[in-house]
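Structure, as structure tokens:
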Amino acid sequence: MSPRSAEVNEELRRRSRERMLQATVELVDERGFEATTLGDIADRAGSARGLVSYYFPGKRQLLQSAVHRLMHRTLEAALEREPRTENGQERLARAVDAILGLAVEHPRLMRTHMAGILQAEGFVQCPEQQRLAALLRDTLQRYGSTDVDTDYPLLRALLMGAVFAALLPGAPMPLARLRAELFQRYGLDWELGVPPGPDGPGGTSRPDAAAQVPDQSSKSSK
């Protein structure tokens, strides 16, 4: 049997890494961070325990990469769903709804992610985070930003702040209110993206959201 080519080996490594990231999301969602071990992740991914440590220096770094991958894939799906559009305001609205929607779909995972960023290890700029950043920067460019280098960190901070506020134990803010603040900040019409409602698909949809939709008649427009 001839040895595998470098391209084949690289693809196998990529798939192995992807399985680890997916397994991390699933297990932390199911069990929480402390109850999930690197061995559990390796078993779920069908990989050797040593490979996890080879790709990632620790469990916190692995979790951040896994969540950044989830955020990137969720955002990409939201931006590319039908009907596809090049309209910058619609794309930014979809981006906001996609990220806020993760607080609804994966509250334990996102709460753990936010807490991990505040740990000593800090913010991990991994390949998954860089892909997420590129997608958000492209969204801002299509929206009309003339200074993406300044506007991207602000958008990132506003989105993460909104997720944190939605998941704050004991005092969560309604997602509809957080969405309204972000939409007003960027001059987006409430009907763009996926407006929250009892029957709306994805986005910020939640059973009690319809009653929390604010009056948008006085908002500024871009």
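The values are calculated or read from the model by the stated rules, or taken from the named source; none is laboratory data. Note that the structure is predicted; figures quoted are calculated from it, not measured. Glycine gets a Cβ as well: all are built from the backbone with ideal geometry, and neighbour counts include every protein chain shown. Quick note on the areas: whole protein, heavy atoms, side chains included, nothing else; ligands and nucleic acids left out. Shrake-Rupley method; radii C 1.70, N 1.55, O 1.52, S 1.80 Å.
If exposed GluC sites (Glu not before Pro) are those in a DSSP loop with at most 16 other Cβ within 10 Å, what is the longest stretch of the chain that has none?
On the way: sites that count: Glu34, Glu86, Glu121, Glu191.
Value returned for the longest uninterrupted segment is 122-190.
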Please report the relative contact order for the chain, taking Cα pairs under 8 Å with a sequence separation of at least 6, and give it as a percent rounded to a whole number.
19 percent
Say each of Ala171 and Glu82 gets a label point 7 Å from the Cα, pointing the same way as Cα to Cβ; how far apart are those two points in nm?
4.6 nm
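Given Cα positions, please report Rg to Rh for region 53-132, the hydrodynamic radius being the Kirkwood one.
On the way: Rg = 14.1 Å, Rh = 13.6 Å.
Radius of gyration over Kirkwood radius for region 53-132 works out to 1.03.
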Can you give the FRET efficiency to the nearest 0.05 for Arg4 and Gln184, using r as the Cβ-Cβ distance and R₀ = 41 Å?
0.15
How large are Rg and Dmax for region 1-93 when only the alpha carbon atoms are used, in Å?
16.7, 55
Placing each pseudo-label 7 Å from Cα in the direction of the beta carbon, Glu11 and Gln130 end up separated by a distance in nanometres of 2.3 nm
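Rounded, prolate or oblate, given the Cα gyration tensor of region 121-179, with a/c below 1.5 counting as rounded? Present the calculation step by step, with values, prior to reporting the outcome.
On the way: a/c = 2.73, a/b = 1.45, b/c = 1.87.
The shape class here is oblate.
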Within region 76-184, list the chymotrypsin sites (Phe, Trp or Tyr not before Pro) lying in a DSSP loop whose Cβ has at most 14 other Cβ atoms in a 10 Å radius.
Phe123
Of His113, Ser65, Val25, which is farthest on the positive side of the dipole of region 13-146, counting Cα position, with +1 on Lys and Arg Cβ, -1 on Asp and Glu Cβ, and the Cα centre as origin?
Ser65
Hey, got the dipole for region 101-165? About the Cα centre, +1 on K and R Cβ, -1 on D and E Cβ, debye to the nearest 20?
200 debye
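Hey, could you grab the Kirkwood Rh for the chain? Inverse mean 1/r over distinct alpha carbon pairs, Å, one decimal.
18.7 Å
Considering Cα pairs under 8 angstrom that are at least six residues apart, work out the relative contact order of region 22-121 and quote it in whole percent. Write out the running numbers ahead of the final one.
On the way: 67 pairs, mean separation 33.4, N = 100.
Relative contact order comes out at 33 percent.
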Helix 59-80 sits off the longest principal axis of the Cα atoms of the chain, rounded to the nearest 10 on a 0 to 90 degree scale, by 50 degrees
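Considering only protein heavy atoms and a 1.4 Å probe, what is the carbon-and-sulfur percentage of the accessible area of the chain?
52 percent
For Val148 and Tyr55 in one chain, what is 0.36 nm times their gap in residues minus the Cα-Cα distance, to one decimal in nm?
Using 0.36 nm per residue and subtracting the Cα-Cα distance, I get 30.4 nm.
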Loop-resident sites, region 66-125, for trypsin sites (Lys or Arg not before Pro), counting at most 15 other Cβ within 10 Å (DSSP):
Arg81, Arg84
